[in-house]
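Let me begin by presenting the structure, written as structure tokens, before commenting on it.
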Amino acid sequence: MLSIESVYAGYGEVKILNNISLTIPSGQTTALLGPNGAGKTTLIRAICRMIPLTSGRISLNGVELSTLPAHRVSVAGISLVPEGRGVLYTLTVLENLELGAINKTVRRQLKNRLECILEVFPDLKAKLHHVAGSLSGGQQQMMVIGRALMSFPKVLILDEPSLGLSPLLVQTVYESLVKIQNEEKLTILLAEQNAMNALEIASQVYFMDHGEITRSGEPALFKNDSTILSAYFGA
Ligand code: ATP
């Protein structure tokens, strides 16, 4: 379980996160939804130790993350698919994937892990030796999810994976996430602005606005909630 307790954080003097608490159960998908500027990316940066906490605690299965340096957070089992994807356009797809093999233990299992990831994302097989810049947006998204999975993470965090993708491709990416989660009992934290698909695959949802958690619960509670639908989905 990933546990975030009373977290305050921001950028220098600028306070963004205000008393954030979330419980992200193991083996399930938790959606973090909120409009542009709500603070989703900032919270993800705090979890991944890319910004310091002003106060609060973040732990994974009881292991305190809030004091670790950023590179130890990935070793502890957290893998991030950042907003904007972080594609290395001039490297090949294979080279991009290999970058996810973060330590010797993973590198020893590189071939098997690659095969497993290419089963989830078969579109990438024929593209392995092509430069990543030649891929479509959907293929790039699959590649960066594959890269994040190379390290056998316990927790996969995705920041707006549907950004810039057509509805059909969003569905393909989400179906892959469900498949991986079922196969690997992965814990997923999915931050999204455009969230109807996220509500479909999540087992719990947190809504965020102005740096605070405003609502939380099972997705079914919100699917017919007109206040939430109009506030977050423009419905
Ligand atoms: P988006 O979907 O647009 O990424 P978000 O919910 O992820 O939105 P954040 O990116 O976390 O929101 O932004 C929250 C607030 O933090 C915004 O007011 C934003 O302007 C501010 N912010 C983000 N990055 C920085 C930074 N490096 N320095 C100062 N303020 C920042």
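Observations, loosely collected:
- Across the range 190-202, coupling constants 3J(HN,Hα) worked out from phi with the 6.51/-1.76/1.60 Karplus curve, θ = phi - 60°, read 10, 8, 9, 9, 9, 10, 4, 5, 4, 5, 5, 9, 7 Hz, and Gly and Pro carry x.
- As a rough footprinting exposure proxy, the listed residues LEU32, LEU165 were ranked by other beta carbons within 10 Å of their own, and the order from fewest upward is LEU165, LEU32.
- Cβ-based net charge around LEU65, under 14 Å, with every Lys or Arg adding one and every Asp or Glu removing one: +3
- Gyration tensor verdict on the range 170-221 (Cα atoms; rounded if a/c is under 1.5, prolate if a/b is larger than b/c, oblate otherwise): prolate
- Rounded to whole Hz, the Karplus (6.51, -1.76, 1.60) HN-Hα couplings of the range 115-124, x for glycine and proline: 4, 5, 5, 6, 6, 6, 10, x, 4, 7
- Cross-link pairs beyond the 28 Å C-alpha cut-off, checked among LYS104/LYS125; LYS127/LYS179; LYS125/LYS154; LYS125/LYS223; LYS127/LYS223; LYS40/LYS104: LYS125/LYS223; LYS127/LYS223; LYS40/LYS104
- DSSP beta bridges confined to the range 46-189 are antiparallel in about 30 percent of cases.
- Its Cα centre serving as origin, the range 102-235 has a Cβ charge dipole (Lys and Arg +1, Asp and Glu -1) of approximately 840 debye.
- Formal net charge of residues neighbouring ALA101 (Cβ-Cβ distance under 13 Å; K, R +1; D, E -1): +4
- Debye, to nearest 20: dipole size of the chain, +1 on Lys, Arg Cβ, -1 on Asp, Glu Cβ: 740 debye
- Residues THR67, THR172 arranged by fewest to most Cβ contacts within 10 Å: THR67, THR172
We did not get these values from a lab; they are worked out from the coordinates using the rules stated. All values reported here derive from a predicted model rather than from experimental measurement. Quick reminder, even Gly has a Cβ in these numbers, built from the backbone with ideal geometry, and neighbours come from all protein chains shown.
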